[in-house]
Amino acid sequence: MPIPSMTRILLPLITLLGLLSTLPSVAPAAATLDLSQYRGKVVYVDFWASWCLPCKKSFPWMEQMQRKYGQRGLQIIAVNLDEEQADADRFLRSYPASFTIVRDPEGVLAERYGIEGMPTALLFAPDGRQAGRHIGFRESRKAEYEAAIVDLLPKGSDGK
Amino acid sequence: MRRWTALGLMLIVVSSCSSLGVKPWQRGVLARPDMALAAESLDAAYDDHIYFSKEASSGGRGFAGGGCGCN
Amino acid sequence: MQLKPDGEGQGSIRQALALAACSLLGGGASAQATDTPWEIDSAVLLYSEADGRVSAIEPVATARKEIREDEFVQLKVVVDALTGASPNGATPSDEVQTFTRPSGTGVYTADPGETPLDDTFRDTRGAVSLSWDRPLGRLQRRTLGVGISREFDYTSLSANGQLSRDINHRNTTLSAGASLAADFIHPVGDIPTPYAVMVPPDQPQPRDTDIDDKLTLDLLFGVTQVLGHDTIGQLNYSFSLASGYLNDPFKILSVVDGVSGKTRDYLYEKRPDSRQKHSLYGELKHFLGGDVVTAAYRFYSDDWGVISHTVDLRYRWNLNRENYLQPRLRWYSQTAADFYHHSLIAGEPLPEYASADPRLAEYDATTIGLKYGHRIDAGSEWSLRVELYRQDGVDHPDDAVGLQRNLDLFPETKAIIIQAGYRFRW
């Protein structure tokens, strides 16, 4: 095929491909997070990955929170963004979690919730509205994070 | 016609370059210790010292950045 | 402080060090500071040149600790012991050459045809540096550091600072840094007068003063950019300005007869009292099928006329999660400084500056090496690096005169470098 004709076909084709690549990718139906099933509970959604160093601090704290406030209506959901499940499993062996783990290897949920940094935690009130969000996990702010959860929990019978 | 196609192609390339980077949750590989720019800092310091003593040039290497981008 | 058998004693030492580090930085020592480990990175370097030239052994240790959340201190200690001989700048001749030692007492010689080497002890150097880095807000970091280096004939004090900022969703990091160093040169036998003729020990030695100094300012500007989920790049521009005593007090030049090439005199070298350097450095790191490729290039240019290119390639072959092999290749090429002369011609007017220091000559250099590393557990690793370095210069320059034409005028450097390292947490 003579070169000029090939260019006439290839150039528009490349341009088209380039155009297509800028469109948001059509994600396969993957991870879903249906928060409506948790209506009435305080939901703490944490986006994490095995390679995220601060997550080594956040997991023991989240486990502690789940145990402490689970009875009072706290549900922690940790959305894992590892592309390889083996990496997530290895992390969970070192930092066990009794709360729900949702896998999102394609980052569909992360994209939907507009995650700007790792880790990110979203806090939902029992009525379903988003009540808070923080990027990053800092040991020095643990009390602050805990207070935000407690504020949303229904007051206990002992008035706390 | 070909000129416009070529221009369109360049514009697409340029516009995608301006938002260069990855999403915060796509940094798994970049978070690897062997992908850190500041890895092997002792090696680099030794090299700098040897080559500063034996050659006329010096300097260049610098800082970090990259990594997991956490917190 | 008694060391208790169950390791408690060790904990007390760590706590004491952590508290010391904290109080040094003016903050209240929190309980947090005492439970993060010290990350120790230590290594020993052995450097040895062929033919009885320079040998050095250099143990180094750095200790880094998180004293408050995201805030670190780092202590680095270096000991550098050098022995052996290095070229003094004189060219080889067809007869025995005798040189006066820098101390002014005693002589050393070079055989016919041999590159003259000065085997005056360079002594042992010790250096300590301290740095402190902390965040300034979520996206910025600041580092401050000081250092001191000391050997028998050389003292250096330095301070540095650096700021970096993440932008573009942390895909881009902008950095700027500055460093100031004050060096004091106090050689054995005092500072020789530039361009003075070398005289035998029984005569009064041409010396200027016992100590001179040099001030250096370094500026560094860099951009780090994430180029893809498996690629990262860096581009740095650095500028350096040095002013003061820039000569090498031990280096001389041969003044030879313009026809025969026989050596008539030796002169102490004379370099300008300022030097401005620019360099542009680019590095790319790419993750490729489990391995990491690093490619770097540096362009360097200064106002002494030296221009150089450096290409450095490393391929980290991750054999498995615990072990890796990393071959390395470095090519280096530099032009000569404007005032570099392998020797001067007797009777010709002296140039404004002149030096025969082979480090300022035109040459290429190659380094080829292999490194092996083994990860013991999270946070500890040992490694071994072996490299061969050689410089190849112009052995027979066009302007060689008389007997010089039959001699090798570029003292080649060939060296083996061995580095053994161990990193652990304490």
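The charge dipole of the stretch C:337-398, taken about its Cα centre with unit charges on the Cβ of Lys, Arg, Asp and Glu (plus for the first two, minus for the last two), comes to roughly 520 debye.
Take each residue of peptide C:390-400, count the partner chain Cβ atoms within 10 Å of its Cβ, and average: the result is 0. Taking a virtual spin label 7 Å from the Cα of C:ASP291 along the C-beta vector, which residues in the stretch C:389-426 bring their backbone nitrogen under 17 Å of it? In the stretch C:389-426, the label zone of C:ASP291 (backbone N under 17 Å from the point 7 Å along Cα→Cβ) covers no residue.
The helix-based estimate of mean residue ellipticity at 222 nm for chain C, built from -39,500 (n - 2.57) per DSSP H run of four or more residues and divided by its residue count, is -1500 deg cm²/dmol to the nearest 500.
Residue by residue, the stretch C:354-365 carries 3J(HN,Hα) couplings of 7, 8, 10, 4, x, 5, 9, 8, 8, 6, 10, 9 Hz when phi is fed to the Karplus relation 6.51 cos²θ - 1.76 cosθ + 1.60 (θ = phi - 60°); x denotes Gly or Pro. Listed by chain and number, the lysines whose C-alpha is less than 18 Å from the C-alpha of A:LYS57, apart from same-chain residues fewer than 8 away, are A:LYS68, A:LYS142, C:LYS65.
In the stretch C:162-300, taking the dipole from charged Cβ atoms about the Cα centre, the farthest positive-side position among C:PRO206, C:ILE232, C:VAL256 is held by C:ILE232. Here's the list of lysines a cross-link from B:LYS54 could span, going by alpha-carbon distance under 17 Å and ignoring same-chain residues fewer than 8 apart: C:LYS251, C:LYS277, C:LYS414. The H on the amide N of C:ASP338, modeled in the peptide plane, is under 5 Å from the matching H of C:GLY305, C:VAL306, each at least 5 residues off or on a different chain. Packing-based ranking of C:270-282, B:28-40 yields B:28-40, C:270-282, ordered from highest to lowest mean Cβ neighbour count within 10 Å.
Subtracting the Cα-Cα distance of A:GLU106 and A:ASP127 from their residue separation scaled by 0.36 nm leaves 4.7 nm. Measuring between their Cα centroids, the stretch A:82-98 and the stretch A:116-133 lie 22 Å from each other.
A Förster radius of 51 Å, combined with the Cβ-Cβ distance separating C:LEU139 from C:ASP408, puts the computed FRET efficiency at roughly 0.35. Projected label points at C:HIS186 and A:GLN64, each 7 Å from Cα along the beta carbon direction, are separated by 5.5 nanometres. Cross-link reach is defined here as a Cα-Cα straight distance under 19 Å, omitting same-chain residues fewer than 8 places apart; for C:LYS285 the lysines meeting it are B:LYS23, C:LYS371. The dipole here belongs to the stretch A:62-119: it is taken about the Cα centre, uses +1 on the Cβ of Lys and Arg and -1 on the Cβ of Asp and Glu, and is about 560 debye. Identify the residues of the stretch C:252-296 with backbone N under 17 Å of a label point that sits 7 angstrom from the Cα of C:ASP338 along the Cα-to-Cβ direction, or state none. Under cut-off, by backbone N: C:270-278.
For the pair C:LEU217 and C:VAL394 in one chain, pulling the backbone fully straight at 0.36 nm per residue adds 60.5 nm over the alpha carbon distance.
Coordinate-derived values only; no laboratory data. These numbers were taken from a predicted model, which means no experiment stands behind them. Ideal geometry is used to build each Cβ from the backbone, glycine not excepted, and the neighbour counts take in all protein chains shown.
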